[in-house]
Ligand code: M6R
C-alpha cells in the first residue's frame, strides 16, 4: 500500500530517498516523510499531500546525512496529516511501516497504561514505542530491540528502523508485506518495491516472511526472527522502471488482479473476532434496533458489489435491503426514513452520483455508512460511519481488487448485523469466518491457473458479443463480468440472470455467441445446468465456471474453468476472478489500452 525506501552509504541519503519515493508515489500519495541521521541524531521531515510538498519542505529545511529512511503513505489508520505521516520517531527510534498491525488497539492500550504518549493516530507509532521500550528494558542493539518488539506484534508489515545511537545500521523486517534489499558498492538500500532502487542497483535480494535484515554500508545480514542466519544470493533484475512499477506485470490491471489475495488479507486484518464468532468493525456501532431497512447506493462495479451485499445482508441479518444505482436514487424522489441505514459503496470515495445520493439520504434523516478504499475521501467524510476496504491504491481503470475487497467487507458487515439481530447463529458465523480466512489461498489458486483464460480469450476474442449468465448471488457477477469485458475490450457484452434467458436474450444465441455461465455447485446448480443446456442446444459456445471436481460439466460445455469449492455465500468472490482474467486477456489479445480504456476515468467526479 505505502512505499518505503532506506539508504546507508557514503552519499547524501535525501536525494536517493526522494528519488525512490517518487517512483513509489503511485502506491500511496497522501503524505510523505524522511528521517535522516547526522551529527548524533536523525532529523524527521514530514508533509501531508503529494511528495512535491515534502520536496519543497526539504528545500527550506534540508536533512543532510548519509543514512536515512523515507516513506510515502496511503492512509489506513489515521487520516492523512503531517503528524500521521511516517517516519514516526519515539526517543532515539524512527520507524517507517507498510501494512497493518492487527492487534494495534490492544498494544496501544498497554503502552498508554505503561505511560507512553502518542502523537499520532497510526498503528505504526505503536512499533516505534515498542522498540523504544525494548531499549529501555535493556536491548543491546537495534536488531535485538526490533526482534523483541516484533514478538508482540500481529499482522502484516514491512518496517524499516533507524536508531540515533547506531547510525552505522538500518534494520528492516518483513511479514507478509513486500521488502527488497539492494546491494551496491560500499552502500546498501532497502525498499518496499524494486522500482524504488532500480536506478541505483540491479542487484536485489527479495526477503521472505519472518525475515529481518541488518544493513550496514559495507555489508548486510539476513536472519529469521530467531536470529538464525539465512544465506540468499542477490538476483540481477533487468526490468525497466515502467516494468518495475507494475511488479514486472505488463499492466496495472494484471498486477492488481494478482494482488487480490493479499488485499483480502488486509481487509480481514484485525476484524475477525473468533472468540465471539463475530466481527469488529473498527469501532463502528450500528444500532440495529433502529434500522428497519437498508438501502445501498453505488455506481458501476461498486453497484455490483452492492447487489451481492443484498444477498449477504438479508440472508444473515434478515433486515430488508434495497439496492439502487446512485444516479437513479438521487433523482427519483426516493422514500427516505430515519430508520433507514444507507450504505454507500465507492472505491474512490469521490464519485459524484454516489456523493449526491449520500447528501440526499442525510438530508432525509437516514444514517449513512460508507464503504470505501480511500481514507478521508469525500464520501466517507460525509457519512456517519466509514469502513475501509484496505485494498491499497487501484490504478487500473477496471476495478478488480477494489471489488473483491468490497465483497469481503460486505460479508463482514453482514456477519456483524446478523449477530446483532440474532438471526445468524454462532456456529454459522464461525463457519463463514473460517471460510473467509481460507479465501485468500483459494483466490491465489484461481489466479495462478489464469493461463487457461488466456487460451480461451484467444479462441473467442474476435466474437462480436458475449453473454454472461448467473443466478442468485452470481447474477451480479454476470453483470460485473460483462462490465469488465465492455470496459477494456470494447466488445458488447450483457450480463443476465440465467432464469431470464428465455424471456429475450435466447434470441441472440447462435454459434458465434460465447456465453459465460457461472455454474458452481450450490442450491441453483441444476437450474443453471438446464439454462446452459438450452444455450448448447442453440449452438452457443459455453464457457462454464464450475466447481473443481464437477465431472459432469465437461460433457455439456465447450470450455470449463474450475474454481475451488467454497460456501455458496462466498462464491462471488472466487467466481469473479476468472471473469476479470478473461476480460484482461481478451483486451490484451485485441491490443486495447487496458489500464486507461477510451472515454473512461478512474474517478468519476462529475455527473
Ligand atoms: O470509485 P467508485 O467505486 O465510486 O467508482 C464507481 C464506478 O465508476 C467504477 O466502479 C467503474 O464502473 C469501474 N471503472 C468499473 O471497473
Working carefully through the options 240, 207, 214, find the one that is at pLDDT 95 or above, more than 16 Å from the ligand (Cβ to nearest atom) and farther than 30 Å from residue 421 by Cα. 214
Hey, can you tell me all the residues within the stretch 80-101 that are surrounded by fewer than 21 Cβ atoms within 10 Å (Cβ to Cβ) and in contact with a strand residue (DSSP E or B) (Cβ under 9 Å, 6 or more places away or on another chain)? 80, 81, 82, 83, 92
Across the stretch 2-51, what is the total count of residues that are touching a strand residue (DSSP E or B) at 6+ places or on another chain (Cβ under 9 Å) and either in a helix (DSSP H, G or I) or surrounded by fewer than 23 Cβ atoms within 10 Å (Cβ to Cβ) (or both)? 27
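Name the single residue, out of those in the stretch 244-259 being in a loop (DSSP other than H, G, I, E, B) and farther than 10 Å from residue 398 by Cβ, that is nearest to the chain's Cα centre (by Cα).
Taking the candidates together, the pick is 259.
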Out of the stretch 83-124, which residues are under 29 Å from the mean Cα position of the chain (by Cα), part of a loop (DSSP other than H, G, I, E, B) and touching a residue at least 12 places away in the same chain (Cβ under 8 Å)? 83, 84, 85, 86, 87, 102, 103, 119, 120, 121, 122, 123
Can you confirm whether residue 417 is assigned by TED's automatic domain parsing to the domain that holds residue 376, more than 13 Å from the ligand (Cβ to nearest atom), buried (at least 24 other Cβ atoms within 10 Å of the Cβ) and more than 12 Å from residue 315 (Cα to Cα)? no
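Residue-by-condition table, conditions (1) surrounded by fewer than 24 Cβ atoms within 10 Å (Cβ to Cβ); (2) within 13 Å of the ligand (Cβ to nearest atom):
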site	(1), (2)
304	no, yes
314	yes, no
318	yes, no
323	yes, no
332	yes, no
345	no, yes
350	yes, yes
So how many residues does the stretch 356-375 have that are touching a helix residue (DSSP H, G or I) at 6+ places or on another chain (Cβ under 6 Å) and either at pLDDT 95 or above or under 16 Å from residue 320 (Cα atoms) (or both)? 6
Those strands (runs of 3 or more DSSP E) completely within the stretch 491-607 that have 1 or more residues that are touching a helix residue (DSSP H, G or I) at 6+ places or on another chain (Cβ under 9 Å) and within 16 Å of the ligand (Cβ to nearest atom) are 492-497
Apart from one, (1) more than 19 Å from residue 99 (Cβ to Cβ); (2) modelled with pLDDT of 95 or more all hold for residue 128; the odd one out is (1)
Among the residues of the stretch 66-78, which ones are crowded, with 21+ Cβ neighbours inside 10 Å and under 16 Å from residue 15 (Cα atoms)? 67, 68, 69, 70, 71, 72
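The rows are residues; the columns are (1) surrounded by fewer than 16 Cβ atoms within 10 Å (Cβ to Cβ); (2) under 20 Å from the mean Cα position of the chain (by Cα); (3) within 30 Å of residue 429 (Cα to Cα); (4) outside the structural domain of residue 577 (by TED's automatic domain parsing).
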{"site": "194", "(1), (2), (3), (4)": "no, yes, no, yes"}
{"site": "211", "(1), (2), (3), (4)": "no, no, no, yes"}
{"site": "223", "(1), (2), (3), (4)": "no, no, no, yes"}
{"site": "271", "(1), (2), (3), (4)": "no, yes, yes, yes"}
{"site": "283", "(1), (2), (3), (4)": "yes, no, yes, yes"}
Exactly one of 269, 263 is out of contact with any helix residue (DSSP H, G or I) (no Cβ under 9 Å at 6 or more places or on another chain) and either away from the ligand (no atom under 16 Å from the Cβ) or modelled with pLDDT under 95 (or both), and that one is 269
Candidates 233, 196, 176 - the one that is under 19 Å from residue 100 (Cβ atoms) and touching a strand residue (DSSP E or B) at 6+ places or on another chain (Cβ under 9 Å): 176
Could you tell me whether residue 300 is within 16 Å of the ligand (Cβ to nearest atom), in contact with a helix residue (DSSP H, G or I) (Cβ under 8 Å, 6 or more places away or on another chain) and free of Cβ contacts under 8 Å to residues at least 60 places away in the same chain? no
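The values are calculated or read from the model by the stated rules, or taken from the named source; none is laboratory data. Please read all numbers here as calculations on a predicted model, not as lab measurements. In this analysis, Cβ positions are derived from the backbone assuming ideal geometry, glycine residues included, and neighbour counts consider all displayed protein chains.
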